[in-house]
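A quick write-up on the structure given underneath.
Throughout, read-outs are computed from the coordinates displayed, never taken from laboratory work. All values reported here derive from a predicted model rather than from experimental measurement. Reconstructed Cβ throughout: ideal geometry from the backbone, glycine too, with neighbour counts over all protein chains shown.
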């Protein structure tokens, strides 16, 4: 099978197309013929940063990727939820690597869900790791109807899902993004829009119950913390809360924490349900073939993607 590998950690010049054996599945796995995958900012980190090479384990060659949508073409002996021909999607093995930049993938059955029939593979692949990244901490904190929720980077891959999940759980959503994304985030259900480029947003937002912090920028957590009311919460999706930030959170009586997303088939089933009910709508900003993986990574590294970038195998 064809797979996009990396010869070492660094720039996109380290990508190399390779012919590798189709993986053998374990009893609790299914073999998926890949139809589409999606690319996350985290993909670019594991490609470029040798310090996170542990995510690959000892497997060779190095095949990146977590997100997948495709067709089951092999079923392990202990798998009961899926059969040959099923259309499935999920984010695999996170925080370890899922090896999805390939035509066939060995996938833990417990991390997949059935793809809704009326959702295409590209949309399904887009609704995996980024959607889980938004959903899991929101479920952990809980949202009460009418809670004021601020979503930063609201037009991005994770942010545009966070807006929709917060609305689904009954929140009043404040979206922080650039002016160019205003129409997009309001179409997702945001009740208020704040342009971060027009002055200090923390002077224009107050009394927030929950911040979903999707911005990776030094000092940003400190700024968003200022808008949370006492007793409220801040979820950092990108980085651990530092000692200094934790001390500031304690002073403000704010619960601030980092949440690492984990592959989870039960959560994927909820995502599938919301997709089928059109209560969750992924936005695919651009689609590339596998051979153009370097271009897909270059695009996402610009940091301004609206929604998700997808790689199609069809």
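Enter the angle in degrees (range 0 to 90, nearest 10) between the Cα long axis of helix 265-276 and the first principal axis of the Cα atoms of the chain, meaning the one along which they spread out most.
Orientation of helix 265-276: about 80 degrees from the principal axis.
For a protection proxy built on the mean count of beta-carbon atoms within 10 angstrom, sort 87-93, 217-223, 151-157 highest first, please.
Details: 87-93: 26.4, 217-223: 15.1, 151-157: 28.1.
Order by mean packing, descending: 151-157, 87-93, 217-223.
Three principal axis extents, largest first, for the C-alpha atoms of segment 132-258, in Å?
Each principal axis gives a Cα extent; for segment 132-258 these are 37, 31, 24 Å.
Any idea how far the Cα center of segment 288-314 sits from the one of segment 74-114, in Å?
One Cα centre to the other: 22 Å.
What list do you get for 203, 297, 9 if you sort them by fewest beta carbons within 10 Å? Walk me through the numbers on the way to the answer.
Numbers: 203 9, 297 21, 9 17.
Ordered from fewest to most neighbouring Cβ atoms within 10 Å, 203, 297, 9 come out as 203, 9, 297.
Hey, in the GNM for the chain with a 10 angstrom Cα cutoff, which one of 252, 129, 62 fluctuates hardest?
Of 252, 129, 62, the most mobile in the Gaussian network model is 252.
Taking the Cβ-Cβ separation of residue 50 and residue 139 as r and a Förster radius of 30 Å, what is the calculated FRET efficiency to the nearest 0.05? Please list the in-between numbers first.
Numbers: r = 33 Å, r/R0 = 1.11.
Efficiency for this residue pair is about 0.35.
Normalised by the number of residues in segment 25-140, what is the relative contact order in percent for Cα pairs under 8 Å and 6+ residues apart? Write down the numbers at each step before the final one.
On the way: 234 pairs, mean separation 40.1, N = 116.
This gives 35 percent for segment 25-140.
Points 7 angstrom from Cα along the Cβ direction at residue 218 and residue 24: gap in nanometres?
4.9
Using Cα atoms only, what is the angle between the long axis of helix 243-252 and the major principal axis of the chain, expressed in degrees (0 to 90) to the nearest 10?
Approximately 40 degrees, to the nearest 10.
Spin-label point model (7 Å from Cα, Cβ direction): what's the residue 250 to residue 207 distance in nm?
Inter-label distance under the simple model: 2.9 nm.
For 268, 84, what's the fewest-to-most ordering of other Cβ within 10 Å of each Cβ? If you can, show how the numbers build up before the last one.
Details: 268 26, 84 11.
Lowest count first: 84, 268.
If each DSSP helix of 4+ residues adds -39,500 (n - 2.57) and the sum is divided by the residues in the chain, what number results at 222 nm, nearest 500 deg cm²/dmol? Write down the numbers at each step before the final one.
Details: 9 runs with 81 residues, N = 314.
Estimated from H runs of four or more residues: -7500 deg cm²/dmol.
On a C-alpha basis, how far is the centre of segment 4-66 from the centre of segment 220-276 in Å? Whole number, if you could?
If you average the Cα positions of each part, the centres end up 28 Å apart.
Can you give the FRET efficiency for residue 7 and residue 276, using 1/(1 + (r/R0)^6), R0 = 41 Å, r = Cβ-Cβ distance, to the nearest 0.05?
Values: r = 41 Å, r/R0 = 0.99.
Efficiency, rounded to the nearest 0.05: 0.50.
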